[in-house]
Amino acid sequence: MKRWAEYRRQRKEEERQCRVRLIAEFDAGDPEATLHALAAEILEYRRAMQLLVEAIGWADAGAPFGLIGPGPLWRQTTCPA
């Protein structure tokens, strides 16, 4: 039980650090501008998830579809999924 509690504590700390890094990535020096940048990213994420739902629906129906890999601006994240 003690190991499990330590694992959970470490996981929560890693997630907290990831959130801090993510916020710092969008920090525009102004809280309102930072919130707008984060909101824009959330909207883009939602759009990507909707496209994924559509692609899964096409695959389930047997329709042909294609996926395009990441572009030149893609960056690998170091945060756990």
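Using the alpha-carbon atoms, what tilt in degrees (0 to 90, nearest 10) does helix 31-61 show relative to the longest principal axis of the chain?
It works out to around 40 degrees.
So for Leu38, Leu52, what's the accessible-area order with a 1.4 Å probe, most first? Can you show the working numbers first?
Numbers: Leu38 40, Leu52 85 Å².
Descending accessible area places them as Leu52, Leu38.
Angle between the Cα long axis of helix 2-26 and the longest principal axis of the chain, 0 to 90 degrees, nearest 10?
70 degrees
What's the FRET efficiency of Leu38 with Ile68 using the Cβ-Cβ distance as r and R₀ = 25 Å, to the nearest 0.05?
For R0 = 25 Å, the calculated efficiency reads 0.50.
Taking a 1.4 Å probe, which of Asp60, Asp30 shows the most accessible area, and what order do the others take after it? Display every interim value, and only then the final one.
Numbers: Asp60 135, Asp30 75 Å².
Highest to lowest solvent-accessible surface, that is Asp60, Asp30.
Could you give the length gained on full extension between Gln50 and Gln17, defined as 0.36 nm per residue of separation minus the Cα-Cα distance, in nm?
Details: separation 33, 0.36 × 33 = 11.88 nm, distance 2.82 nm.
Between Gln50 and Gln17, full extension yields an extra 9.1 nm.
Just to confirm a number: summing +1 for Lys and Arg and -1 for Asp and Glu over residues other than Leu38 whose beta-carbon lies under 14 angstrom from that of Leu38, what do you get?
Around Leu38, the surrounding residues sum to -3.
Given springs between every Cα pair under 10 Å in a Gaussian network model of the chain, which of Ala24, Ala33, Ala59 has the largest fluctuation?
Its mean-square fluctuation being the largest, the pick is Ala59.
Based only on the alpha carbon positions, what is the Kirkwood hydrodynamic radius of the chain, in angstrom? Mind showing how you got there, number by number?
Working: mean 1/r = 0.0623 Å⁻¹.
Taking every pair of different Cα atoms in the chain, averaging 1/r and inverting gives 16.0 Å.
Under a Cβ-only charge scheme (Lys and Arg +1, Asp and Glu -1), can you give me the dipole magnitude of the chain about the Cα centre, in debye to the nearest 20?
Value, rounded to 20: 600 debye.
The values are calculated or read from the model by the stated rules, or taken from the named source; none is laboratory data. Predicted, not measured: the structure shown is a model, and the values here were computed from it. Ideal geometry is used to build each Cβ from the backbone, glycine not excepted, and the neighbour counts take in all protein chains shown. Heavy atoms of the whole protein, side chains included, go into the accessibility calculation; ligands, DNA and RNA do not. Shrake-Rupley method; radii C 1.70, N 1.55, O 1.52, S 1.80 Å.
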